[in-house]
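Structure, as structure tokens:
The values are calculated or read from the model by the stated rules, or taken from the named source; none is laboratory data. Small disclaimer: the values here were computed from a predicted structure and weren't measured. For neighbour counting, all protein chains shown are included, and Cβ atoms are generated from backbone atoms with ideal geometry for every residue, glycine included. Please note that ligands, DNA and RNA were not included when accessible areas were found on the heavy atoms of the full protein model with its side chains. Shrake-Rupley method; radii C 1.70, N 1.55, O 1.52, S 1.80 Å.
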Amino acid sequence: MGNAINAPTMNAPSKALVYARVSSKEQEKEGFSIAAQLKLLQGYAITNRFIVASEFVDIETAKESGRTNFEAMLHYLRTHPTVRAVLVEKTDRLYRNLKDWVRLDELDIEIHLVKEGVILSRDSRSSEKFVHGIKVLMAKNYIDNLSEEARKGMQEKAEQGIWPTIAPLGYLNVAGPDGKKIIIPDPKNAPIIAHMFGWYVSGTLSIAELADKARSAGLVYGKSGAAVPRSVVHGILRNPLYAGDILWKEQFFPGKHKALVSRALWDRVQGVMDGRNASAKRKGKREFAFAGVVKCGHCGCAMVGEMKKRKYVYYHCTGWKGKCPEPYVREEAIAEEFAKQLEKLRFGDSVREWIKKALTESHGDQTKEHTEAIARFQAEHTRLQSRIDAAYVDSLDGHINKATFKDLSNSWRKEQTRILDEIALHQVADQCYLDVGVRLIDVAANAPRLFTQKDPVEKRRLLNFVISNSTWKNGTLTAKWRQPFDLLAETAALAAAENARGDENSARCMVWLPGPDSNQRPTG
């Protein structure tokens, strides 16, 4: 990309941190090598005249923020102002969630993505930063895809009659004869739960009374020993699992586990519960568009919605930290201010096409990166095939026995399979970055219109996508854009200002093209 990876060397070496990560202990065991990452980064440091001040290694998931040594690295950067560079193999080694990206960005450091050939800093082109933001979003999407695959596996288990996740109260997770996890009745809680259905079917006990009776009989959580609340008791009575069926994703499957009550008894209990519910009219749930989106600017507590006169929605501070001076505010007033914020993302078609062009030009470097990576992997695949062929000849000549050849060839073929997967990822990722970037630009340009047209749930979803946090104080909304939408908002603002002066090109150039020193890095 715009910042060449071989940055000009300075008279005095700069200080840098090295960060390496694998996503699980299993990957570390299978050779997704921390050692290889460190060797690469140490060599890069020597070539580019960096002094490695410290190394940080994590062997855990990046799906959630809070990685142990990632946190230690952030602390080090905050307390050592002369260390302003981090060396890492590639984007998804550094972070796979948006929160960690923002926290690093706020430190005003250089990030050297060695395998990607990119240096990110305050002076980087906006197109570089934008593509980097796409990579972070796609890395998060990778985690989401893993979660989706896990959900598919759970669905398959449910269809086979096996409870797919943590055993509910009254059951225990154990390994079955075939090694698959199954559930069996918990000797302590299962008899109590069976009695609960019998106690309730008489119709003489409320849920609260049944919960008290069950607790008196000894119903507690297995590990903590904590009392079971009435909401859980209500859920137990509604769960067909206790009658031998599995309800998963709104589908019923016959379970292979042992039922605690008969289906006839379970059906009778449902009848009692339905009869009681029918006597009271259920009120429809009112969705509040800005629930969880806005915080009070006075005290930082959440702003929550409340219906007044069955017609008007007002928001107010929860006052969780004490009495708050922020007055109630109509939902329409907050909506109007959010609409004004989203207008800051609006830019004309000419600006949109200019940004897409800049992104496409920047994407050319991405294409080169992926092409070179594919070539490296193909060469490695060929090298491994040569090893397999040579070992086969050695086995025919009697230089190695058949068992040794089998072990070696299986290991090399396994590595070849991994390499083919890597090649496929690079082939798909090349165009994908550009496609996602163009879609983000279109979302930003259409955000004001989408906001006014959507229902409360979709309004909230859109705001959470483009805005990281917002506060309401004395009638004023303060909102912070998520990256990379902050770059688009800056572009729109500068383009509007320049257009007002009759110059429609300089603003876009200032934001998206590199300055004269953009390839230089500060000394440590």
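Reported count of residues in the stretch 257-272, each being in a loop (DSSP other than H, G, I, E, B) and exposed (fewer than 15 other Cβ atoms within 10 Å of the Cβ), is 2.
Annotation note: of 339, 373, 358, the sole residue that is at pLDDT 85 or above and surrounded by 13 or more Cβ atoms within 10 Å (Cβ to Cβ) is 339. The residue of the stretch 246-256 that is nearest to residue 273 (Cα to Cα), among those that are in contact (Cβ under 8 Å) with a residue 12 or more places away in the chain and open to solvent by 90 Å² or more (accessible area, probe 1.4 Å), is 252. For the stretch 150-245, the helices (runs of 4 or more DSSP H) that sit wholly inside it and include 2 or more residues that are surrounded by 16 or more Cβ atoms within 10 Å (Cβ to Cβ) and touching a residue at least 40 places away in the same chain (Cβ under 8 Å) are 190-201, 230-238. Determine whether residue 466 is among the hydrophobic types (A, V, I, L, M, F, W, C) and modelled with pLDDT of 80 or more. Yes: the conditions hold for residue 466. Is it the case that some residue within the stretch 273-290 is modelled with pLDDT of 85 or more and part of a loop (DSSP other than H, G, I, E, B)? Yes, that holds for at least one residue.
Regarding the stretch 481-498, can at least one residue be identified that is of a type in the set (A, V, I, L, M), outside any loop (DSSP other than H, G, I, E, B) and closer than 15 Å to residue 337 by Cβ? Looking for residues that are of a type in the set (A, V, I, L, M), outside any loop (DSSP other than H, G, I, E, B) and closer than 15 Å to residue 337 by Cβ, one finds none in the stretch 481-498, hence no.
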